[in-house]
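Notes to accompany the following structure.
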Amino acid sequence: MAVILIVEDEIFVRELAGMFLQDWGHSALFAGSVEEALQVLKSATTIDALFTDIYLKKAVYGGCDLAREALMLRPELRVLYTTGNRATDELRALFVTGSHFLGKPYTPHQLQTSVDGLLQV
Amino acid sequence: MSEIAASDIVETVPSALITLDRNLIITSANRAFYQTFRTNRSETEGCMIYDLGNRQWDIPALRTLLESVIPHRASVEGFEVEHDFPLIGLRTMLVNARKIYRAGNEGSILLAIEDVSEERAARKESKRAWQLTQSIVDTIRDPLVVLENDMTVVTASNAFLNMFGITQAEAYGRRVSELGQHQWDVPALRHLMEKVLPENKPFENFEIEDVFPVLGRRVFNLNARKISQPGNHAHRMLLVFEDITDRKQRERDALSLANEISHRIKNNLQIIVGLIAFEVRSTPKPCVQGYRSMQTRIGAIAQLYDLISHSSRGGAVAMDAYLKEIAHTMSASLLDSTSNITIDVDAEALEIDPERAVPFGLLVNELTTNAIKHAFPKGKGHVVLGARKVDNEVELTVADDGVGQTRSEVVKTPETRGADYVAIFVRQLGGSILPARDGEPGTVVRIRLPLLVGPPTVEGLAA
């Protein structure tokens, strides 16, 4: 089972995602902004995957910037993006290599499928 | 013999010819001369050239030629004389002069006079037209430039010169690709421009965004077409730069607003999906499927925002793309990755107006959910979502290759109010459910709907 950092500025959505991940046996860490997430990433805690919203507060591509920085800190980190906006080619160009994407609104079932895919080898 | 031949030639050439002796007395003239200047032999021969026809040939330019130029040279060609003759009006003549060296005629002069008035007038008119064009060009706000066959600048409007911060002289003779920091040297543009003249293929709407020395960042729309000048076989190209910076900015603002709205709506829908998911955790297993169906209905509405924001503002939504999105989400949310049920789309390129897209999407969602729920007790099968134009209507089909459903499983009493979702959505769309056909494997639900673009029909509203 994995440790997943959830970065989401909408608290209800974040808590619920965490709840489901825990239902499936994972551990969840939480952050509500890029800055908070970087603090967690810079700590010594084990983190297997980053599940981040893209539009974070005022930062339109905050999740994309975060993932790039996160990978510099932890090159082995797996990344799953989510956003309410359409995943255009322009947006996908900002994604880190090997990352996954899950559009909003996602059901728990879709989240589970995405996380399973993310954690596979 | 040779004497006769020479005089024959003199009489037949179209140029006016006269010979003068050393005292500038006319010794002979040809027929062309008499015709051009409306005179005759008796008035001409023996007359001093300046005295001819009330001294109308006493022209300063001609005096210069005869008295100052000829004495020092054997011949003069292309000497231009413009003069307003009392009888024939303003004329431009090209005079060729040659001294004759023959025994007894030393110092004689042969003058060939060609009337080039019309040619000169045409050239003047053309120049005037060009100046007029240039002055019109200069008053147009959009930068424009006229290019020669080899893509070099012939003339440029003031707006164009301002755009690059150069003078007319600096622009002249340069290629568009060489202007500024060569930022217009774009293969796609070059390719288009190369086709304008040889293939007479104008182009429009080539968009280019750049930073300009005076103007700053601008977006231009380029148009080019072939232009021809009257009396000139050479073709040139008119290249117009339409400044669409402001329009582009408005479009970007609208897009970012649409994105912002879509983002908020999706987040709210995510909350609703989350609320349902939360309920599911404490719901007995038999009820879970109902909640899952609810989630896919919400998903069907959510996908619309993607498609609407992607289509032109206020424009129609591509039905085939919408069906594919629905199929994709339903597969992801209702079927496990190990499921042997597949959902495919076989639709024509039809469109649907955004107002009716929601009931349409929900209708497809219900029919597909029904198929998955009832058609495949063994958990294996194929569902196809189809849309095609039949007569003047849209025929929506949801077909499965399963065990076949009873009519009440597909839809309950569609003609009465209430009933189930399918009936409500069909009524809302002003459509009707076609009766099932015998002998088809599985279940095929066919629904006829009015064409889904344009205002709803009266029946649609009345229903």
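A short reminder: the numbers here are calculations on the coordinates, not readings from a lab. Given the structure is predicted, the values throughout are model-derived calculations rather than measurements. Cβ coordinates were reconstructed from backbone atoms using ideal geometry, including for glycine residues, and neighbour counts include every protein chain displayed.
Sequence neighbours fewer than 8 away in the same chain don't count; with that in mind, list the lysines whose C-alpha is under 21 Å from A:Lys58.
Straight-distance partners of A:Lys58: A:Lys104, B:Lys266.
Can you pull the one-decimal nm distance between simple spin-label points at A:Ala44 and B:Arg141, each 7 Å off the Cα toward Cβ?
The modelled label-to-label distance comes out at 6.7 nm.
So how tilted is helix B:354-374 from the main axis of chain B? Cα-based, degrees 0 to 90, rounded to 10.
Roughly 40 degrees between the two axes.
Where in region B:140-163 does the label zone of B:Ser177 land, with the point 7 angstrom along Cα→C-beta and an amide N cut-off under 14 Å?
B:150-153
With only Lys, Arg, Asp and Glu charged, each at its Cβ (+1 for the first two, -1 for the last two), find how big the charge dipole of the protein assembly as shown is about the Cα centre; round to the nearest 20 debye.
It comes to approximately 600 debye.
By count of other Cβ within 10 Å, fewest leading, how are B:Asp391, B:Asp142, A:Asp9 ordered?
Values: B:Asp391 7, B:Asp142 16, A:Asp9 19.
Going from least to most buried by this count: B:Asp391, B:Asp142, A:Asp9.
Excluding same-chain residues fewer than 8 positions from B:Lys389, which aspartates and glutamates have a Cα within less than 15 Å of its Cα?
Output for B:Lys389: B:Asp320, B:Asp346, B:Glu348, B:Glu351.
Treating cross-link reach as a plain straight distance, find the lysines whose alpha-carbon is under 18 Å from the alpha-carbon of B:Lys201, omitting any fewer than eight places away in the same chain.
B:Lys226
At a Förster distance of 22 Å, what's the computed FRET efficiency of A:Arg74 paired with A:Ile11, Cβ-Cβ distance as r, to 0.05?
0.30
Starting from the Cα-Cα distance between B:Leu90 and B:Lys285, subtract it from 0.36 nm times their residue separation and give me the gain in nm to one decimal.
Taking 0.36 nm per residue and subtracting the Cα distance, the gain is 59.4 nm.
Counting alpha carbon pairs within less than 8 Å and at least 6 residues apart, what relative contact order, in whole percent, applies to region A:11-73?
Normalised by residue count, the contact order of region A:11-73 is 24 percent.
Angle, helix B:117-139 long axis vs. longest principal axis of chain B, Cα atoms, 0 to 90°, nearest 10?
With rounding to tens, the tilt is 40 degrees.
In whole Å, what three semi-axes, largest first, describe the equivalent ellipsoid of the protein assembly as shown built from its Cα gyration tensor (square root of 5 times each eigenvalue)?
Its equivalent ellipsoid spans semi-axes of 89, 32, 18 Å.
Checking a compactness column here: for region B:2-115, what do you get for Rg(Cα) / (2.2 N^0.38 Å), N being the number of residues?
1.00
Assuming R0 = 22 Å, what is the FRET efficiency of B:Gln168 and B:Ser68, from their Cβ-Cβ distance, to the nearest 0.05?
For R0 = 22 Å, the calculated efficiency reads 0.05.
Lys/Arg Cβ at +1, Asp/Glu Cβ at -1, dipole of the protein assembly as shown taken about the Cα centre: which of A:Ser27, B:Tyr50, B:Gln134 is farthest positive-ward?
A:Ser27
Which distance in Å, rounded to a whole number, links the C-alpha centroids of region B:161-182 and region A:56-71?
43 Å
Rounding to the nearest 10 and keeping the result within 0 to 90°, find how far the Cα-based axis of helix B:2-12 lies from the longest principal axis of chain B.
Taking the Cα atoms of chain B, the angle to B:2-12 is about 50 degrees.
Sort B:Phe360, B:Phe206, B:Phe376 so the one with the fewest other Cβ atoms within 10 Å of its own Cβ comes first.
The fewest-first ordering by Cβ neighbours comes to B:Phe206, B:Phe376, B:Phe360.
Which entries in the list B:Lys324/B:Lys380; B:Lys127/B:Lys195; A:Lys42/B:Lys248 go over 30 Å, if you measure between the two C-alpha atoms of each? Please list the in-between numbers first.
On the way: B:Lys324/B:Lys380 20 Å; B:Lys127/B:Lys195 28 Å; A:Lys42/B:Lys248 41 Å.
Distance filter (> 30 Å) returns A:Lys42/B:Lys248.
Considering only DSSP states other than H, G, I, E and B, which trypsin sites (Lys or Arg not before Pro) in region A:5-76 qualify as loop sites with at most 13 other Cβ atoms within 10 Å?
A:Lys57, A:Lys58
Just rank A:Tyr61, A:Tyr81, B:Tyr322, fewest to most, by other beta-carbon atoms within 10 angstrom. If you can, show how the numbers build up before the last one.
Working: A:Tyr61 15, A:Tyr81 25, B:Tyr322 28.
Starting with the residue having the fewest Cβ neighbours, the order is A:Tyr61, A:Tyr81, B:Tyr322.
If each of B:Arg388 and A:Asp65 carries a label point 7 Å out from its Cα toward its Cβ, how far apart are those two points in nm?
The two pseudo-label positions are separated by 5.2 nm.
What percent do you get for the relative contact order of chain A when only Cα pairs under 8 Å and 6+ apart count? Kindly include the intermediate steps, with their values, before the conclusion.
Details: 194 pairs, mean separation 27.0, N = 121.
Contact order relative to length: 22 percent.
Residue by residue through region B:242-250, what is 3J(HN,Hα) from phi via Karplus (6.51 cos²θ - 1.76 cosθ + 1.60, θ = phi - 60°)? Round to whole Hz and write x for glycine and proline.
Residue by residue, region B:242-250 yields 8, 7, 10, 4, 5, 4, 4, 5, 4 Hz.
Let me have the relative contact order for chain B, percent, based on Cα pairs under 8 Å that are six or more residues apart.
Normalised by residue count, the contact order of chain B is 7 percent.
How large is ³J(HN,Hα), in whole Hz, for each residue of region B:379-393 in order, when computed from phi with the Karplus curve 6.51 cos²θ - 1.76 cosθ + 1.60 and θ = phi - 60°, using x for Gly and Pro?
x, 9, x, 9, 10, 10, 9, x, 9, 8, 8, 10, 6, 10, 10
To the nearest 0.05, how large is the calculated FRET efficiency for B:Glu106 and B:Ser126 if R₀ is 41 Å and r is the Cβ-Cβ distance?
Taking R0 as 41 Å, the efficiency between B:Glu106 and B:Ser126 is 0.35.
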